[in-house]
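So the structure is just underneath, and the comments pick up after that.
The values are calculated or read from the model by the stated rules, or taken from the named source; none is laboratory data. Computed from a prediction, not measured in an experiment: that's the story for all the values here. Cβ coordinates were reconstructed from backbone atoms using ideal geometry, including for glycine residues, and neighbour counts include every protein chain displayed. What goes into the accessible areas is simple: the full protein's heavy atoms, side chains included, and nothing from ligands, DNA or RNA. Shrake-Rupley method; radii C 1.70, N 1.55, O 1.52, S 1.80 Å.
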Amino acid sequence: MKRPFRIAVTGAAGSISNSLLFRIASGDMFGKDQPVILQLIERAEAMQALRGVAMELEDCAFPLLHGVRLHDNAEDGFRNVSHALLVGAKPRGKGMERKDLLAENAEIFSRQGKALNDFANPDVKVLVVGNPANTNAMIASRNAPDLSPAQFTAMSRLDHNRAKGILGNHIGVNAGDLTHVAVWGNHSPTQYPDVRNAKAFGEPVMPSLDQKWVEETFIPRVQKRGGEIIEARGLSSAASAAQGAIDHMRDWELGSRDGDFVSMCVFSDGSYGIAKGIVYSFPVRCRYGRYEIVQGLPIDDEARKRMKATEDELLEEKAAIEHLLPKETEAAS
Ligand code: NAD
Ligand code: LMR
């Protein structure tokens, strides 16, 4: 029997967690042979609701679930965890952009970064889901000087999955038969969902795609899908966000599919000319619990323009909260 992973989830009584926790506990994230202990973190006002979630987890009698702990603060909640999913944040409502949440969430992610630094396992893997996710991940890392920036990631896997779902539906193949889709940049409407290298059953899809559909329908639809869902549901995406988080953590821990890549928001190391010090979505491959940015993909003028626009937005977000952050270290900049 393997030793249990201790997994912290913030915002554990919220909508995404309502799908996510049950999937983690059933083995969808780390495998059907990996026991888990859930350390659930909520605001004090939501602890009553969180107790209800814990009762439901108990009532599922998951064989892999070896404990559930409830915490109203990050310091206790992150103690000894190997994985931390930072979901809790204020979600946007109709008519708002994700970056409207920047200042409100900066405080939350600064405290959580410090708590991860002081209480989590030194090799903790962190996924930020709460928006604006890329900049929140940057904020958390900057407050965690003893952890490597490489341990902090944000979620663009939902966008990656959206791109596959929408493309697959358009060309009449299953999303699972598509490979080499990439999402570049910010988890925001400036992101660049890139199908120039996409393949269906190993064959390039570009020759059979109408370029006008790609530019005028596909790209804007993926970019604005979050808002479209808020309009339709009155609430932001939840089950699909949980699926993105499952896929992101599973691939990071257990490896991505051979012969393909996935999208993760990670600290830029300067690859493709993207500024260091921002958390940017790149195509990555994962192996042995680590990820590496895929190198050498061809970038034409149109792609370069789109990659730059989303980079500029992240640099603006960074500039807007820089005064709230500890000084940048060599490793991150
Ligand atoms: P929700 O409002 O249903 O739940 C959020 C929960 O977080 C609430 O229960 C709240 O009490 C809790 N919370 C707030 N501040 C907290 C803190 N400091 N510590 C612990 N818990 C805290 O929202 P949701 O639908 O679950 O969405 C959560 C976040 O995820 C939002 O920011 C949303 O915009 C974002 N999101 C991101 C993606 C992505 O692809 N990156 C996708 C969907 C949603
Ligand atoms: C999404 O993409 O669905 C989330 O980021 C929620 C949002 O605010 O769009």
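How would segment 246-333 be classified by its alpha-carbon gyration tensor: rounded, prolate or oblate, with rounded meaning a/c under 1.5 and the a/b versus b/c comparison settling the rest?
Oblate is the answer for segment 246-333, as a/c is 1.5 or above yet b/c matches or exceeds a/b.
What's the Cα-based Rg to Rh of segment 157-255, Rh via Kirkwood?
Taking Rg over the Kirkwood Rh, I get 0.96.
For Ala320 and Arg51, what is the calculated FRET efficiency with R₀ set at 35 Å and r taken between the beta-carbons, to the nearest 0.05?
The computed FRET efficiency comes out at 0.40.
Among all the aspartates and glutamates, which ones have a C-alpha under 16 Å from Lys94's C-alpha, if same-chain residues fewer than 8 places away are not counted?
Glu228, Glu231
Expressed as a whole number of Å, what is the distance separating the alpha-carbon centroids of segment 270-309 and segment 33-50?
If you average the Cα positions of each part, the centres end up 34 Å apart.
Charges at C-beta only: +1 for Lys and Arg, -1 for Asp and Glu. How large is the resulting dipole of segment 53-111 about its Cα centre, in Debye rounded to 20?
Charge dipole of segment 53-111: 320 debye, to the nearest 20.
So what is the orientation-averaged projected area of segment 61-126, using the convex hull of its C-alpha atoms, in nm²?
Taking the Cα atoms of segment 61-126, their convex hull projects to 6.2 nm² on average.
Can you tell me the FRET efficiency between Arg111 and Ala275 if r is taken as the Cβ-Cβ distance and R0 is 25 Å, rounded to the nearest 0.05?
FRET efficiency, Arg111 to Ala275: 0.40.
Work from the charge dipole of segment 109-175 (Cβ charges, +1 for Lys and Arg, -1 for Asp and Glu, about the Cα centre) and give the residue of Asn131, Asn143, Gly165 farthest towards its positive end.
Looking along the dipole axis, the top candidate is Gly165.
With viscosity set to 1.567 mPa s and temperature to 4 °C, compute the Stokes-Einstein D of the chain, Rh being the Kirkwood radius across alpha carbon pairs; µm²/s, no decimals.
Rounded, D is 65 µm²/s.
Could you work out how much longer the chain between Glu302 and Met1 gets when fully extended? Use 0.36 nm per residue separation minus the Cα distance between them, nm to one decimal.
My answer for the length gained is 103.2 nm.
Whole percent per 5 Å bin, from 0 to the bin with the longest distance: what is P(r) over all C-alpha pairs of segment 25-69?
Final binned percentages: 5, 22, 27, 22, 14, 7, 2, 0.
Say the dipole of segment 166-302 comes from +1 at the beta carbon of Lys and Arg and -1 at that of Asp and Glu; which of Pro298, Ser208, Ile219 then lies farthest toward its positive end?
The one lying farthest along the dipole's positive direction is Ile219.
To the nearest 0.05, what FRET efficiency results for Lys94 and Asp123 with a Förster distance of 41 Å applied to their C-beta separation?
Plugging the Cβ-Cβ distance into 1/(1 + (r/R0)^6) gives 0.55.
Full extension from Asp258 to Asp210: what is 0.36 nm times the residue separation minus their Cα-Cα distance, to one decimal in nm?
14.4 nm
Given a 1.4 Å probe, how much area per residue of segment 136-225 is accessible, in Å²?
36 Å²
Specify which residue in the list Met264, Ala115, Ala54 is farthest towards the positive end of the charge dipole of the chain, using unit charges on the beta carbon of Lys, Arg (+1) and Asp, Glu (-1), about the Cα centre.
Selected residue: Ala54.
In a GNM of the chain with a 10 Å cut-off on Cα contacts, which of Ala103, Ala115, Ala140 has the highest mean-square fluctuation?
Answer for the Gaussian network model of the chain: Ala103.
Cα gyration tensor of segment 283-331, axes a ≥ b ≥ c as square roots of the eigenvalues: rounded (a/c below 1.5), prolate (a/b > b/c) or oblate?
Oblate is the answer for segment 283-331, as a/c is 1.5 or above yet b/c matches or exceeds a/b.
Using only DSSP helix segments of four residues or longer, with each worth -39500 (n - 2.57), what per-residue ellipticity at 222 nm results for the chain after dividing by its residue count and rounding to 500?
My calculation for the chain gives -11500 deg cm²/dmol from helical runs alone.
Accessible surface of His66 in the full protein assembly, 1.4 angstrom probe, to the nearest 10 Å²?
90 Å²
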